[in-house]
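Taking it in order: structure first as structure tokens, then the write-up.
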Amino acid sequence: MTKGFRSLSKSQQKTLKYLFRYLLKGVAFAAILCLGVFYFDLGNLWSMASAYSYGWLIVMKLFFAMAVTCAGVSMGYGMFTLPVHDDK
């Protein structure tokens, strides 16, 4: 398990780079979504986060939950949009 990225085959490296690109897109979308939620104060989340001393925890939990969700959806979209190769 301590073998590095370089020990993988070229196709495995290409696939991981492809998925990592979609992971970054999903995390970026989650950050934009969280900023929108706090900017428009949806559900009074920004009011609550700024009123308490542990407001950073509210922000981090929302961002983490959004990042996991959006990155998973983005990676799934990336996998389902790969070209199909028939073995016929």
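Hey, ARG21 hits all of (1) modelled with pLDDT under 95; (2) of a type in the set (D, E, K, R); (3) surrounded by 11 or more Cβ atoms within 10 Å (Cβ to Cβ) but one; which does it fall short on?
(1)
For TRP46, all conditions in the list (1) touching a Gly at 6+ places or on another chain (Cβ under 7 Å); (2) crowded, with 16+ Cβ neighbours inside 10 Å hold save one; what is the number of the exception?
Looking at each condition in turn, TRP46 falls short on (1).
Taking MET79 as the residue in question, decide whether it is under 29 Å from THR15 (Cα atoms) and surrounded by 17 or more Cβ atoms within 10 Å (Cβ to Cβ).
So MET79 does not fit the description; no.
Note down all Cβ pairs under 6 Å where the first residue falls in the stretch 18-32 and is touching a residue at least 60 places away in the same chain (Cβ under 8 Å), the second is surrounded by fewer than 16 Cβ atoms within 10 Å (Cβ to Cβ), and they're at least six residues apart or on different chains.
Going by the 6 Å Cβ cut-off, there are no qualifying pairs.
Can you tell me which residue among VAL59, VAL27 is under 30 Å from PHE5 (Cβ atoms) and of a type outside the set (Gly, Ala, Ser)?
Of the residues listed, the single one that is under 30 Å from PHE5 (Cβ atoms) and of a type outside the set (Gly, Ala, Ser) is VAL27.
Exactly one condition in (1) surrounded by 14 or more Cβ atoms within 10 Å (Cβ to Cβ); (2) free of Cβ contacts under 8 Å to residues at least 24 places away in the same chain; (3) farther than 25 Å from GLY78 by Cβ is not met by VAL59; state its number.
Of (1) surrounded by 14 or more Cβ atoms within 10 Å (Cβ to Cβ); (2) free of Cβ contacts under 8 Å to residues at least 24 places away in the same chain; (3) farther than 25 Å from GLY78 by Cβ, only one is false for VAL59: (2).
The values are calculated or read from the model by the stated rules, or taken from the named source; none is laboratory data. Owing to the predicted nature of the structure, the values given are computational and were not obtained by experimental measurement. Positions of Cβ are generated from backbone atoms using ideal geometry, with glycine treated the same way; all protein chains shown enter the neighbour counts.
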